[in-house]
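Below is one structure; the comments refer to it alone.
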Amino acid sequence: MIIIMQNECAFSKIHPLPLFMWFVSVISFTVLAMNPIIVIISFIGAVAHRILVSKKISVKSIIGNAVFMMMITIINPLFSHHGVTELFFLGGLPVTLEALIFGFFMSIVIQTSILWCLSMSECMTSDKIIHLIGKIFPKIAVLISLILRFIPLMKDKYKRIIDSQTALGEPISYLSAFSVLVSIFLEDSIDTADSMKSRGAELKNRTNYSNFKFSPKDFCFLIFDVIICAVIIISIKKGCLNFSFYPSISEIPTENSACFSYIMFAILAFVPAAVEVIFWTRFVSISSVLNIPMKKQKH
Amino acid sequence: MLKKNIIYEILIIFVFIPTLIFAGICVFSDRKYLLISFAVAVSSVIPFLISFEKKANFSKKAVLLAVMTALSIVGRALFAPLPFFKPVTAIVVLCGMELGCESGFLCGAMSALISNFMFMQGPWTPFQMFIWGSIGFVAGLMSGILKKSRIFLLIYGALSGLVYSAFMDIWTTMWWDGRFNILRYISALVSAIPITAIYAVSNIIFLLVLSKPITRKLERICKKYNL
């Protein structure tokens, strides 16, 4: 049975390896393909996923993003003077239509990749990164989990040091509190190390605990991802998706092979949104049958 | 053991990196700079991860390194109200200076990786890992001079702030359109001058305040437990 937290997206329930591969492939095609159709498909997919996951979208963030995109669009022609269609001259240098359109294109690319990175940060949590790294570098995985454990401990201890300074009536010094923190943790670190060693942290062939199972579903998803990536890479290699902004804007490729890879990429980019919709409709129906009260997510 | 280690590193440097670069040139001819720099940043981190795997007396070193890295991340969180005013570089420099090149690199790289769990992961993570790691690595190489003279340490701190800013601007420029436009790079550098100044000044302040207590404590631990 899949247990899902309220503020988690259903897409993150996939095994970390295919999940990571999926994010890498989509972000790299968005950034590297330089094809407007691919980028627009990716943009719509990312926006759909963000809307489904975050549920509440503020007008402020939309306006902020729009301003950011406009700034990129306007700034590009000031630096790039390639292109044949001159709009006007600014300080003796031409401002071209091509550069303006390229700036708009790049603003969408950057916006899309930021949206995917937001989704990736939510889906690829630290335990998943540790699981992935732990397969190849088990000791680095131990190091990361140690660091992650120390952070809340340190924050807590820091607060206590400040509290005790206040209780003693001494003037509060944040830097001396930080210094005390360093001493305490360096001394304790050797105890931790001895305890780790005596429990067999240095033994060979030590296994790592992880809560992830590589199910046949995950394997299918991985294969599906690899096949679509291969199709798109082959069509990029063949030049089916070629599109150029300079010196003049070329036609958007619409041959059969190009359309095929657009459809393939669309399937890839809409996976998270589709997973979200399918999962939540099923989950809601089950919960209403079992009469589980559902709280709305609050931020 | 040592031989195997070297073979791995040679494999990465002479096989893995060129393959990635070649694949980048072949497949994505238009935006190859971005892909190549990304591949180089990722693969430069890998040898350090491998050499950490081969270490003897691993648990003590790991815990010590974890404490230093966690300190730098907690520092980043504690000083979050002041933008760009962070002790991360200072602690990475001190770590590299006291615990050696490799520990310095790992401390920097892990600080970048793990503090991005709290901020945001993205294609910039390997670049931050690489540049902070290199700051720690160079601090380890120059530990003799840095330990002797406090002024050199402060200068190194200020310089590493400048280098960090300049390097991340290279990444910003390439992220923009996949090419390296020198004009755009210069304008990015100029617009980032206030931030760069804050980086440099904050590094100097933190090194001034933290260098003595932290060095003393680290030296004491190393002496006491024979690390």
*Just counting partner chain Cβ atoms within 10 Å, what average do the residues of peptide A:173-179 show around their Cβ?*
4
*Mind ranking B:R150, A:R199 by accessible surface for me, highest first, 1.4 Å probe?*
A:R199, B:R150
*asked:* Using the Cα centre of the protein assembly as shown as the reference point, and only Cβ charges (+1 on K/R, -1 on D/E), how large is the resulting charge dipole? Debye, rounded to the nearest 20.
replied: 1640
*Using +1 at the Cβ of each Lys and Arg and -1 at the Cβ of each Asp and Glu in segment A:129-198, identify which of A:I130, A:S179, A:S195 lies farthest towards the dipole's positive end.*
A:I130
_Which one, A:I72, A:I223, A:I151, has the greatest fluctuation when you compute a Gaussian network model over chain A with C-alpha springs under 10 angstrom?_
A:I151
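As a test of reading the structure, rank A:I57, A:I38 by solvent-accessible area (1.4 Å probe, protein chains only), most first.
The ranking, largest first, comes out as A:I57, A:I38.
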_Dipole in debye (nearest 20) - chain A, about Cα centre, beta carbon charges: Lys, Arg +1; Asp, Glu -1_ = 940
*Who wins for biggest fluctuation among A:M71, A:M196, A:M124 in a Gaussian network model of chain A, springs between alpha carbons below 10 Å?*
A:M196
_Highest mean first, how do B:214-226, B:51-63 rank when packing is the count of other Cβ atoms within 10 Å averaged over residues?_
B:51-63, B:214-226
*Counting each DSSP H run of 4 or more residues in the protein assembly as shown as -39500 (n - 2.57), what helix-only mean residue ellipticity at 222 nm follows after dividing by all residues, to the nearest 500 deg cm²/dmol?*
-25500 deg cm²/dmol
*Where is the GNM fluctuation largest for chain A (alpha-carbon springs, 10 angstrom cutoff): A:I129, A:I147, A:I74?*
A:I147
*asked:* Strictly greater than 29 Å: what percent of every Cα pair in chain A meets that?
replied: 57
*Which number do you get for Rg(Cα) / (2.2 N^0.38 Å) in segment B:57-225?*
1.03
_Contact order normalised by residue count of segment A:129-198, Cα under 8 Å, 6+ apart, percent_ = 19
*Just the number, please: carbon plus sulfur as a percent of the accessible area of the protein assembly as shown, 1.4 Å probe, no ligands or DNA/RNA counted.*
71
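Work out the mean other chain Cβ neighbour count within 10 Å for the residues of B:112-123 and drop it here as an integer.
Numbers: counts 0, 6, 7, 2, 2, 8, 3, 1, 6, 10, 8, 7.
Mean shielding by partner chains, rounded to a whole number: 5.
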*With N residues in segment A:129-198, what two-decimal value do you get for its Cα radius of gyration over 2.2 N^0.38 Å?*
1.43
*Output the pairs from A:K157/B:K217; A:K139/A:K197; B:K54/B:K212; A:K13/A:K217; A:K197/B:K54; A:K204/B:K224 with a Cα-Cα distance over 21 Å in this structure; if there are none, say none.*
B:K54/B:K212; A:K204/B:K224
*Computed on protein heavy atoms with a 1.4 Å probe, what is the summed buried accessible area for the chain pair A and B, in Å² to the nearest 100?*
5600
*Compare the peptides A:155-162, B:66-73, B:195-202 by average per-residue count of other Cβ atoms within 10 angstrom and give them in order, highest first.*
B:66-73, B:195-202, A:155-162
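Report, as an integer, the average count of C-beta atoms from other chains found within 10 Å of each Cβ along A:148-160.
The per-residue average across the peptide is 4.
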*asked:* If you count only protein heavy atoms with a 1.4 Å probe, what accessible area per residue comes out for the protein assembly as shown, rounded to a whole Å²?
replied: 50
*Could you give the dipole magnitude of segment A:129-198 about its Cα centre, charging the beta-carbon of Lys and Arg +1 and that of Asp and Glu -1, in debye to the nearest 20?*
400
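Lys and Arg at +1, Asp and Glu at -1: add these up for the other residues within a Cβ distance under 15 Å of B:M168 and post the number. Provide the component values of the computation, followed by the final result.
Working: positive: B:K86, B:R184; negative: B:D169.
So the surrounding residues net to +1.
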_Ellipsoid semi-axes in whole angstrom, largest first, where each is sqrt(5λ) of the Cα gyration tensor of the protein assembly as shown_ = 40, 30, 24
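The values are calculated or read from the model by the stated rules, or taken from the named source; none is laboratory data. Please read these numbers as outputs of a predicted model, since none were measured by experiment. As a convention, Cβ positions derive from the backbone with ideal geometry for all residues, glycine included, and neighbour counts pool all protein chains shown. In case anyone asks, the SASA skips ligands and DNA or RNA and just uses the protein heavy atoms, side chains included. Shrake-Rupley method; radii C 1.70, N 1.55, O 1.52, S 1.80 Å.
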